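The values are calculated or read from the model by the stated rules, or taken from the named source; none is laboratory data. The structure presented is a predicted model; accordingly, all values stated were derived computationally and were not measured. Every residue, glycine among them, receives a Cβ derived from its backbone with ideal geometry; neighbour counts consider all protein chains shown. Note: areas computed on protein heavy atoms with side chains; ligands, DNA, RNA excluded. Shrake-Rupley method; radii C 1.70, N 1.55, O 1.52, S 1.80 Å.
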Amino acid sequence: MANEQELEEIKQTLQKLEGQVAQLRADSKRQRSGWSRFAIGFLIVFFVMFISIGVVQFVSNFK
């Protein structure tokens, strides 16, 4: 009896894991498009350049 219960629990756990794997596969297929990745990368680089220029000018004012 206990063995049958354990088998049933294992089957339920396996079904849950299979569902989670299917969900992860579906989520991985919904990646960003090329343009959105380009736009995000461009904004990040632009922001970092803006900050670095500000830091350089701030440091150069002390000389």
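What accessible area per residue comes out for the chain, rounded to a whole number of Å², with a 1.4 Å probe? If you can, show how the numbers build up before the last one.
Numbers: 6530 Å² over 63 residues.
Counting only protein heavy atoms, the per-residue value for the chain is 104 Å².
If the viscosity is 0.890 mPa s and the temperature 25 °C, what Stokes-Einstein diffusion coefficient in µm²/s follows for the chain when Rh is the Kirkwood radius over Cα pairs?
Numbers: Rh = 16.8 Å.
Value of D from the Cα-based Kirkwood radius: 146 µm²/s.
On full extension of the chain, what length is gained from residue 39 through residue 57, given 0.36 nm per residue of separation minus the C-alpha to C-alpha distance? Before the final figure, lay out each step's value.
Details: separation 18, 0.36 × 18 = 6.48 nm, distance 2.69 nm.
Net length gain for the segment: 3.8 nm.
Among 5, 45, 17, which residue has its Cα furthest toward the positive end of the charge dipole of the chain, with +1 on Lys/Arg Cβ and -1 on Asp/Glu Cβ?
Looking along the dipole axis, the top candidate is 45.
Residue 47 to residue 18: FRET efficiency via 1/(1 + (r/R0)^6), r the Cβ-Cβ distance, R0 35 Å, to the nearest 0.05? Show your work: numbers first, answer last.
Values: r = 42 Å, r/R0 = 1.20.
According to the calculation, E is roughly 0.25.
How large is the charge dipole for segment 14-63, taken about the Cα centre, if only the Cβ atoms of Lys, Arg (+1) and Asp, Glu (-1) carry charge, to the nearest 20 debye? Display every interim value, and only then the final one.
Details: 7 positive and 2 negative charges, 18 e Å.
For segment 14-63, the charge dipole is close to 80 debye.
Taking only DSSP H segments of four or more residues, each worth -39500 (n - 2.57), what value at 222 nm results for the chain once the sum is divided by all its residues, to the nearest 500 deg cm²/dmol?
Working: 2 runs with 55 residues, N = 63.
Calculated mean residue ellipticity at 222 nm is -31500 deg cm²/dmol.
Quick one: pull the percent of accessible area on the chain belonging to carbon and sulfur, 1.4 Å probe, ligands and nucleic acids left out. Spell out each step's value before the answer.
Numbers: 4260 of 6530 Å².
Using a 1.4 Å probe with all protein chains present, the chain comes out at 65 percent carbon and sulfur.
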